[in-house]
1. LEU103 - would you say it is assigned to a strand (DSSP E or B) and surrounded by 14 or more Cβ atoms within 10 Å (Cβ to Cβ)?
2. Pick from segment 106-133 the residues that are over 12 Å from VAL54 (Cα atoms) and of a type in the set (A, V, I, L, M): which of them is most open to solvent (accessible area, probe 1.4 Å)?
3. So for segment 52-75 (the condition being part of a loop (DSSP other than H, G, I, E, B), out of contact with any helix residue (DSSP H, G or I) (no Cβ under 9 Å at 6 or more places or on another chain), of a type in the set (Asp, Glu) and modelled with pLDDT under 95), does at least one residue qualify?
4. Only residues in segment 72-92 that are within 17 Å of ASP33 (Cα to Cα) count as the first member; pair them with residues that are not in a loop (DSSP other than H, G, I, E, B), Cβ under 6 angstrom, at least 6 apart or cross-chain, and list the lot.
5. Taking GLN96 as meeting all but one of (1) touching a Phe, Trp or Tyr at 6+ places or on another chain (Cβ under 6 Å); (2) open to solvent by less than 10 Å² (accessible area, probe 1.4 Å), write down the number of the exception.
6. Determine whether PRO53 is of a type outside the set (Asp, Glu), at negative phi, open to solvent by 60 Å² or more (accessible area, probe 1.4 Å) and touching a residue at least 24 places away in the same chain (Cβ under 8 Å).
7. With respect to GLN83, is the statement that it is closer than 22 Å to ALA20 by Cα, open to solvent by 50 Å² or more (accessible area, probe 1.4 Å) and assigned to a helix (DSSP H, G or I) true?
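The values are calculated or read from the model by the stated rules, or taken from the named source; none is laboratory data. Predicted, not measured: the structure shown is a model, and the values here were computed from it. Here the Cβ positions follow ideal geometry from the backbone for every residue, glycine too, while neighbour counts run over all protein chains shown. The area values use the complete protein model at the heavy-atom level, side chains included, leaving out ligands, DNA and RNA. Shrake-Rupley method; radii C 1.70, N 1.55, O 1.52, S 1.80 Å.
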Amino acid sequence: MAALLGGSAAADDTHVLIVAHPSLAVSNLSTEDLTRIYLLRQSLWPDGAMVVPVNREASSPVRSLFTTAVLQQTANALANHWQQMHFKGKNPPLVQESDQAVLAFVQKVPGAVGYVSADTPVGDGVKVLGKLP
């Protein structure tokens, strides 16, 4: 997998941290990898484990930033895509209501990947895979 674009780990609210379950055998993800995951085109990690993507709620500024910067979609276009995928038997990413809830979910669920605001304290329970945009 290609490296995720990003800069320093300085905290701010205009960047997104990509986080994953600590056992994940991947150390970084490219924006293309994230696009495949969140558009439900990739369902397995290289080791065969299930990918479990998690989103913030639709009204979240960090979700808006992620959707624009990574998926290059509008919220409506993305909702339509997930609805089409649902008809193909694929469920959209799970939703958590806060950055802390995303971190707790990712820490507990093997194969989980998510994103939080760069100013969110991450701690040792998750693996940070990169920062964007």
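1. No; evaluated as a whole, the condition is false for this residue.
2. Only one residue tops the list, namely VAL128.
3. Checked segment 52-75: no residue is part of a loop (DSSP other than H, G, I, E, B), out of contact with any helix residue (DSSP H, G or I) (no Cβ under 9 Å at 6 or more places or on another chain), of a type in the set (Asp, Glu) and modelled with pLDDT under 95.
4. Close Cβ pairs (under 6 Å, with a partner that is not in a loop (DSSP other than H, G, I, E, B)) amount to GLN73/THR67; LEU78/THR67; PRO92/TRP82.
5. Among (1) touching a Phe, Trp or Tyr at 6+ places or on another chain (Cβ under 6 Å); (2) open to solvent by less than 10 Å² (accessible area, probe 1.4 Å), GLN96 violates only (2).
6. Here the answer is no, as PRO53 does not meet what is asked.
7. no
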